[in-house]
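Encoded as structure tokens, the structure appears first; notes follow it.
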């Protein structure tokens, strides 16, 4: 079995435009040398190539799923859109159970999720479908607890969306609370952030109710240079989540709703859970699976789990694996690349370097990359692992900050890390695949304001090895796993229907 290192440069797309492009501005010398010396191609990481609806941006979760699956895996967003389009959404059996609970116990329906048209974690169309369904049920009161985006959408884009949905809402449905996603959708185990939002929507008292309406509250934050993502939680009326109520989480992406859902189900760490008092007899539902341990949450659109993904198949062939990154992207090189499964395969080891835990990495664009780099090099030096998968998150996490100068520095840090890692991999007999899950850092401004969202751009794929390789001139992200298997000299499972990017391969790769 031949050895392969898979480096995923999170949020590192290809942009031919040089303006507002930190990669072009940085002129990273090592990266440019790789592009000129080794086989390269470009991969589609959008829409049909990764199983998301047309016009919706991809994300790290979807990108890593595609990388590991070796096939197109239809995402929850696609299933939701199709149900709405075919007018099957209202007949979802989980929604029927939700309505039955509310009517039986005289409860209130609470709809919780991110207000966004970005299609990365959620979509406003799904919220509209839920509110239309709720109105048709003749419920006495429906409370919306909305998280603001400002990351997968422009930093100050919430007000037009709120104005749009408020025009559509019947009298019994109201926006009860708002919170920026940096607080309410933390995924780095900064539980105090999650608790801050949880407290506002469940435990706060009447004295905590803002004297402003939602739009005025956002405008006040804008005047203080606080953008959507970082707006502190606020409640505008008394409809707290309480005994006998029902809660529907409408985000379809798991990683940034998992902590909140764990608190509601009592599955948060003991040190966190002891700080809260859970309302009794809640009915909990979510658009998609957030975590396999959350059996108390009914799922409207269960996930599709790709059998024999890259990690599972390499394990079955007896291969030894290492997954390594920092906390911000730990779930992506484990849970998501394993097909959305909470499973650690035989001979699969994991190494997570603590992230700095910042709301924005503009001030520290190096993140924990120096520590990740040294830990990865030590692992490669042992030659113990047949497949090493490493996520380098700087392109995505700093790209989301909207800070151009910080993004240029992030590119420089990534370039220096590659210059340390790749030669060691070569020396130790590893073929190295360098790719990305989606674009982000290559486009940092839209003219009027910073661009903080992902992009539709293709992503690169470079193969560094001692072999004579030619690659398809253009491919898709779902072809990475078959390419890895070919380099490792392993057969491809029947379920993995995509093909390798390698057109010709000669001169065997050294083991």
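The values are calculated or read from the model by the stated rules, or taken from the named source; none is laboratory data. Given the structure is predicted, the values throughout are model-derived calculations rather than measurements. Virtual Cβ from ideal backbone geometry, glycine too; neighbours counted across all protein chains shown.
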**Prompt:** Does at least one position in segment 151-167 carry a residue that is surrounded by fewer than 20 Cβ atoms within 10 Å (Cβ to Cβ), part of a strand (DSSP E or B), at pLDDT 95 or above and touching a strand residue (DSSP E or B) at 6+ places or on another chain (Cβ under 8 Å)?
**Reply:** no
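Would you be able to say whether some residue in segment 105-113 is modelled with pLDDT under 95, part of a loop (DSSP other than H, G, I, E, B) and in the same structural domain as residue 226 (by TED's automatic domain parsing)?
no
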**Request:** Kindly state which helices (runs of 4 or more DSSP H) lie completely within segment 252-348 and contain at least 2 residues that are in contact with a strand residue (DSSP E or B) (Cβ under 9 Å, 6 or more places away or on another chain), in the same structural domain as residue 195 (by TED's automatic domain parsing) and surrounded by fewer than 21 Cβ atoms within 10 Å (Cβ to Cβ).
**Result:** none
**Message:** Tell me whether segment 383-395 contains one or more residues that are part of a helix (DSSP H, G or I) and either out of contact with any strand residue (DSSP E or B) (no Cβ under 7 Å at 6 or more places or on another chain) or within 22 Å of residue 436 (Cβ to Cβ) (or both).
**Reply:** yes
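Residue-by-condition table, conditions (1) within 29 Å of the chain's Cα centre (by Cα); (2) within 27 Å of residue 94 (Cα to Cα):
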residue	(1), (2)
209	no, no
221	yes, no
225	yes, no
244	no, yes
**Prompt:** Listed residues 8, 23, 84; which is at pLDDT 95 or above, in a strand (DSSP E or B) and at negative phi?
**Reply:** 8
**Item:** Matching option when the condition is touching a helix residue (DSSP H, G or I) at 6+ places or on another chain (Cβ under 8 Å), buried (at least 21 other Cβ atoms within 10 Å of the Cβ) and outside any helix (DSSP H, G or I), among 55, 63, 68, 119
**Value:** 119
**Complete:** residue 483: passes all of (1) farther than 25 Å from residue 10 by Cβ; (2) surrounded by 16 or more Cβ atoms within 10 Å (Cβ to Cβ); (3) out of contact with any helix residue (DSSP H, G or I) (no Cβ under 6 Å at 6 or more places or on another chain); (4) modelled with pLDDT of 95 or more but (1)
**Item:** Tally of residues being surrounded by 14 or more Cβ atoms within 10 Å (Cβ to Cβ) and in a loop (DSSP other than H, G, I, E, B) across segment 26-39
**Value:** 3
**Item:** Unmet criterion (only one of (1) surrounded by fewer than 22 Cβ atoms within 10 Å (Cβ to Cβ); (2) out of contact with any helix residue (DSSP H, G or I) (no Cβ under 7 Å at 6 or more places or on another chain); (3) more than 20 Å from residue 279 (Cα to Cα)) for residue 237
**Value:** (3)
**Request:** Restrict the check to segment 223-230 and report whether at least one residue is at pLDDT below 95 and out of contact with any strand residue (DSSP E or B) (no Cβ under 9 Å at 6 or more places or on another chain).
**Result:** no
**Prompt:** With respect to the numbered conditions (1) surrounded by 24 or more Cβ atoms within 10 Å (Cβ to Cβ); (2) modelled with pLDDT under 95, which one is the sole condition not fulfilled by residue 398?
**Reply:** (2)
**Request:** Give the residue, chosen from 362, 425, 419, that is touching a strand residue (DSSP E or B) at 6+ places or on another chain (Cβ under 7 Å), over 28 Å from residue 50 (Cα atoms) and assigned by TED's automatic domain parsing to the domain that holds residue 479.
**Result:** 425
**Complete:** Checking 433, 421, 377 in turn, the sole residue that is touching a residue at least 12 places away in the same chain (Cβ under 8 Å) and part of a strand (DSSP E or B) turns out to be 433
**Fill in**
Quick count over segment 380-408, residues being in contact (Cβ under 8 Å) with a residue 60 or more places away in the chain, more than 28 Å from residue 490 (Cα to Cα) and out of contact with any helix residue (DSSP H, G or I) (no Cβ under 8 Å at 6 or more places or on another chain), is 2
